[in-house]
Amino acid sequence: MKNFIAKDGNNILGTYKRLPVCFVRAEGEYLFDDQGNKYLDFLTGISVSVYGHNNLKINDAIKEQVEKLIHVSNLFYTESQISLAEKLNGFYGGGSKIFFVNSGAEANECAIKLARKYQENQYEIITFDNSFHGRTLATLTATGQRKVQQGFDPLPDGFKYAVFNDLNSVKQAVTAKTVAVMLELIQGEGGVHIADKQFVKDLSAFCEEKGLLLIVDEIQTGIGRTGKIFAYEHYGIKPDIVTLAKALGAGLPLGAVIVNDKYKNIFGYGAHGSTFGGNIVACSAALAGLEQLTAEQLSYINEMGAYFKSRLKEITDNVRGLGLMIAMEPKTMPDDLVGQALKEGFIINIVQDKTIRFLPSYFVSKESIDALVEFLKSAINR
Ligand SMILES: Cc1ncc(COP(=O)(O)O)c(C=O)c1O
């Protein structure tokens, strides 16, 4: 392990403050390190391995595809990509087209390009304070957090920031150049803050009235995380563009942009592209994952989410979340809570220095939740 840490430092750019653990295998809700220690995973690789680790149906789909064909590029038709697009279009309710990418930032980059190309001389996109949309130059500029942007000036022009849950501030940010509004319905990296129902409804109606595109970033909330396929279903709205990644690939790198048919002609041949986007193996994994995301599974996510929140409320009232995207913000906690959790065999995560965020597997058990809550109770009250 020590050897690994030294090699990492000598060879990998230090952009991540890693925890001192090297995982070598996993099973369901558990990760195992190179010393044979076992950890309950309440992060799932930041909401990626949502169907549990070493999921046999996903593994089989990957193996089967690998043995047939791994990659040909988007210059050709491939079966699993088309099947997945059909599935996503169905989730949207029909009447959409899909563009596949490899990551969240790329999905948002694509959405930003769509918006810019939509109307001549209109290129401004309104995003929100505290949002997170990625680390490419355009998406970090879309991100409403100065710390993410620091040092990367000059930032691309064309982004304005409004106050989350405040329609008036959106109205004030609109100019003759505005073309779109882009938002997360739960700001994940920003601290798990949930958009108000009325705000989202009013915002959607406002965008429609003004002819602005409504882009919903479902990279963290999408594909079942909140107990619905898309978080926007909780709000009774239908975005013009939806961006996806993380859970979509069931462990492999995959992102997608769902575009309402009304806007299908914005991009013509050659307007956008990706060598790897919608890779056949990643799409096969995604399909095998989605097969497991049944209506019963979504109910289970809601049931476990409610149970998890009720148990966390034994520690603090400041508990928020939808489905299995949950956070708590106790008044005080030890500085090294994540390290203590690791020593006790739990993987948890803190965002914005004060919010403990939980993104467990969709199959998380009551027993695992109970075990984590008991640890948190002792660590936080210690
Ligand atoms: C809401 C949201 N958008 C975009 C991204 C960027 O995704 P990626 O890291 O795959 O580029 C993230 C990542 O955390 C995210 O949470």
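Rule-based calculations on the coordinates, nothing more; no lab input. Computed from a predicted structure; not experimentally measured. FYI the Cβ positions are ideal-geometry reconstructions off the backbone, even for glycines, and counts take in every protein chain you see.
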Residue by residue through the range 161-172, what is 3J(HN,Hα) from phi via Karplus (6.51 cos²θ - 1.76 cosθ + 1.60, θ = phi - 60°)? Round to whole Hz and write x for glycine and proline. 10, 10, 7, 4, 6, 10, 5, 4, 5, 5, 4, 5
Given unit charges at Cβ for Lys, Arg (+) and Asp, Glu (-), the dipole magnitude of the chain about its Cα centre in debye, nearest 20, is 420
Can you compute the FRET efficiency between ASP33 and ASN381 using 1/(1 + (r/R0)^6), with r the Cβ-Cβ distance and R0 = 35 Å? Round to the nearest 0.05. 0.80
Using a cut-off of under 11 Å, list every residue of the range 157-172 whose amide N is near the label point 7 Å from the Cα of GLN119 along the Cα-to-beta-carbon line. none
Placing +1 on each Lys and Arg Cβ and -1 on each Asp and Glu Cβ in the chain, then taking the dipole about the Cα centre, the residue among GLN81, GLN149, GLY52 whose Cα reaches farthest towards the positive end is GLN149
Relative to a virtual label point 7 Å from the Cα of GLU367 in the Cα→beta-carbon direction, which members of the range 44-87 show backbone nitrogen distances below 20 Å? 44, 51-56
For each of LYS177, LYS331, count neighbouring Cβ atoms within 10 Å of the residue's Cβ, then give the residues from fewest to most. LYS331, LYS177
The FRET efficiency for VAL72 and GLU233, from their Cβ-Cβ distance with R0 = 51 Å and rounded to 0.05, is 0.90
Multiply the residue separation of ALA176 and SER310 by 0.36 nm, subtract the distance between their alpha-carbon atoms, and state the gained length in nm to one decimal. 43.6 nm
Calculated from backbone phi, Karplus (6.51, -1.76, 1.60) coupling profile of the range 140-152 in Hz, x at Gly/Pro: 6, 6, 5, 5, x, 9, 4, 4, 6, 8, 3, x, 10
P(r) for the range 128-193, please, calculated from all Cα pair distances in 5 Å bins and given in %. 4, 18, 29, 24, 18, 7, 0
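With an 8 Å Cα cut-off and a minimum separation of 6 or more residues, compute the relative contact order for the chain in percent. Before the final figure, lay out each step's value.
Details: 720 pairs, mean separation 85.2, N = 382.
Relative contact order here is 22 percent.
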Given C-alpha coordinates of the chain, what is the ratio Rg to Rh with the Kirkwood estimate of Rh? 0.96
Based on other C-beta atoms within 10 Å, arrange ARG357, ARG25, ARG311 from fewest to most. ARG25, ARG311, ARG357
The residues HIS53, HIS71, sorted from fewest to most surrounding Cβ atoms within 10 Å, come out as HIS71, HIS53
If r is the Cβ-Cβ distance from LYS210 to PHE152 and R0 is 35 Å, what FRET efficiency results, to the nearest 0.05? 0.70
Furthest towards positive pole of dipole, ILE98, VAL170, GLY251, structure part the chain, Cβ charges: VAL170
The range 131-188 and the range 317-376 have their Cα centres apart by a whole-number Å value of 28
Could you calculate the contour length gain from ASP336 to ILE350, that is, 0.36 nm times the residue separation minus the distance between their Cα atoms, to one decimal place in nm? 4.0 nm
Karplus ³J(HN,Hα) for the range 349-355 (6.51 cos²θ - 1.76 cosθ + 1.60, θ = phi - 60°; Hz, whole; x = Gly/Pro) runs 9, 10, 10, 6, 6, 9, 10
Taking placed amide H atoms and a strict 5 Å upper bound, the residues 5 or more places from GLY28 or on another chain that come that close are HIS53, ASN54
